[in-house]
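Asks: My structure is below; once you've seen it, I'll send some questions.
The values are calculated or read from the model by the stated rules, or taken from the named source; none is laboratory data. These numbers come from a predicted model, not from an experiment. Cβ coordinates were reconstructed from backbone atoms using ideal geometry, including for glycine residues, and neighbour counts include every protein chain displayed. Side chains included, ligands, DNA and RNA excluded: accessible areas come from the protein's heavy atoms. Shrake-Rupley method; radii C 1.70, N 1.55, O 1.52, S 1.80 Å.
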Amino acid sequence: DSHYNDINDYFNLMEPIDRGNDFVEFIKNNKDKKFCVVGDYDCDGIMATSIMSYGLILCGCDVTFTVPDRFTDGYGMHKHQVDMAIANNADVIVTVDNGIVANNEIDYAHSKGLKVLITDHHLPQGENHGDVVIDPHYNNDNFKGISGATVALKLVYLLQKEFGFDEKFLFDFATMAYFTVHSDVMPMLKENRILNQIVENRINYEVKVSGSFINRLANLVEFYNPDHTSDYVLNLDGVYRSFTKDNVDFYFVPVINACNRVIGDVTDLVYDIMSLFVGDYNGIPHLYSDINKKRKFMKTELVRKHKEDETTSAVVEALQPDMWDDNYSGIVGLVASDIVDSENKPALIGIDNINSNAIIRFSGRSVSGFDLYKALTEIKKEHPELSLNFGGHSEALGASCLKNKIPDLQKYLSDKFEAAGVDVTEQTYFELTNVNEIKNTYIRLWPFGNKFEFPKFYIEDNVQFLNNDKRVFTLKSLGQYNTIKFFDTVTKN
């Protein structure tokens, strides 16, 4: 691998998206039609909706969009969204980050005279009825581990080549896709790594440039370093946190996702993000950071409700929050992620309150290397009495089953996890004779993230270190300092 710096490197090296030319040809032949982009409510769906909607606008298309409400709609396209598209005089629906399993809704749209273009990255369940279907899992893409926003980015890139709108927007779109590699837990491999290298390098400079898209976006979510906020007006240096995997995971994505988790309707957030292409955010100050503070409080309450059980290898649990008006179903995925991190078990977490019926809806998260989607597929086939339904990815999904079958589902999932075993970490050996070679190896392997852990170097020869006493040296990469300790296996120091 090499270290990339230019966004054109990404577009030149990314995997071609199958049927992308069919998508462009359809847009070109129907440019006089009105389009309705049907998105999703999470970070990936929000970014994908913004990329596709604004990309089509830049091509001269008449565009509206709709996103589902997490609490009243749930995931995916719904018939009332088709009706909304018709009410807005749309002729064509373009889905982003959803639609691959929405045949009933697609058929309904067709019955009303609309065309439907599907762009998604979720797993299909049989043939899709869309007029054009773009999904790396459905088609013949070589690398399938991309987010819904990255699918939209690739398609809008092809539109730019056809319609010739200003290339400066491509980097802004790539920035949005970069966040979704982390938010949707995409593997930090192949083109995802290249995208991260390029974007992370550039936005950590551009975030300081007033009027840049990433500067405006950082202001929207208040992506500040608390130690430097007093310098915000007088000195931009050091005001913003660096965009790294950890900071994106803990300070950016949660603010974007808090809107759907606490409120449900993210329509205004999509409008606000698209407005940043042309101007600063002029809405309610601290709106999204305040919503995120409420999200933190709700999550803390739910985490207290979970009781660790060492006798089971998986967690399937319906938590009961204290009685108050807020809908906690938007927070359970965060609790599931915490359980996976702390207990190393796959987890399905739902909400059980006084008004709950016989079906409990869960958010699921999985241990890296364990395919939760595949496991639930097998369980559903083997145990139809559970009334189990689900959709999503191998490591993050939504599911539902009968309330009184939760103990059974937990047992079956535990059995699947135990039978799967533990993956063995792959080891690669390099002959390294000095610190510079180790440093260069580190830089070539960067960035590190999902399914690509921070490298561990084991030294089996005499290596000249910068500090022989402590055997420590400091790496400087893109302005980020990383101190790594190296232990001599001969002296056991």
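Asks: Go through the stretch 149-196 residue by residue and tally those that are outside any helix (DSSP H, G or I) and open to solvent by less than 10 Å² (accessible area, probe 1.4 Å). Show your work before the answer.
Replies: Start the filter on the stretch 149-196 by keeping residues that are outside any helix (DSSP H, G or I), which leaves 164-167, 184-189.
Imposing the further condition that a residue be open to solvent by less than 10 Å² (accessible area, probe 1.4 Å) reduces the set to 188.
Number of matching residues: 1.
Asks: Based on what the data block shows, is GLY333 of a type outside the set (Phe, Trp, Tyr), open to solvent by less than 10 Å² (accessible area, probe 1.4 Å) and outside any helix (DSSP H, G or I)?
Replies: no
Asks: Could you please find all residues in the stretch 83-106 being surrounded by 19 or more Cβ atoms within 10 Å (Cβ to Cβ), touching a strand residue (DSSP E or B) at 6+ places or on another chain (Cβ under 7 Å) and more than 20 Å from ASP44 (Cα to Cα)?
Replies: Correct list: ALA85, ALA90, VAL92, ILE106.
Asks: So, in the stretch 46-65, how many residues would count as being surrounded by fewer than 23 Cβ atoms within 10 Å (Cβ to Cβ) and outside any helix (DSSP H, G or I)?
Replies: Number of matching residues: 6.
Asks: Right, next: Could you tell me whether any residue of the stretch 349-363 is touching a Gly at 6+ places or on another chain (Cβ under 7 Å), at pLDDT 95 or above and of a type in the set (A, V, I, L, M)?
Replies: Within the stretch 349-363 (the criterion being touching a Gly at 6+ places or on another chain (Cβ under 7 Å), at pLDDT 95 or above and of a type in the set (A, V, I, L, M)), the answer is no, since none of the residues qualifies.
Asks: Output the residue which, of all residues in the stretch 394-404 that are surrounded by 19 or more Cβ atoms within 10 Å (Cβ to Cβ) and of a type outside the set (A, V, I, L, M, F, W, C), is farthest from PRO346 (Cα to Cα).
Replies: GLY398
Asks: Follow-up. Name the single residue that is modelled with the highest pLDDT among those in the stretch 402-435 being small (Gly, Ala, Ser) and not in a loop (DSSP other than H, G, I, E, B).
Replies: SER414
Asks: A further question on this structure: For the stretch 386-416, what are the residues that are farther than 23 Å from HIS182 by Cα and out of contact with any helix residue (DSSP H, G or I) (no Cβ under 7 Å at 6 or more places or on another chain)?
Replies: Matches in the stretch 386-416: SER387, ASN389, SER400, LYS403, ASN404, ILE406, PRO407, GLN410, LYS411, SER414, ASP415.
Asks: Consider the stretch 107-134. How many of its residues are at pLDDT 95 or above, over 18 Å from ASN30 (Cα atoms) and surrounded by fewer than 23 Cβ atoms within 10 Å (Cβ to Cβ)?
Replies: So the answer is 6.
Asks: Across the stretch 281-305, what is the total count of residues that are within 24 Å of LEU372 (Cβ to Cβ) and open to solvent by 30 Å² or more (accessible area, probe 1.4 Å)?
Replies: Here the count works out to 3.
Asks: Is it the case that CYS36 is over 21 Å from the mean Cα position of the chain (by Cα) and of a type in the set (A, V, I, L, M, F, W, C)?
Replies: yes
Asks: Turning to a different aspect of this structure: Could you tell me how many of the residues in the stretch 245-270 are open to solvent by 40 Å² or more (accessible area, probe 1.4 Å) and farther than 20 Å from PHE65 by Cα?
Replies: 5
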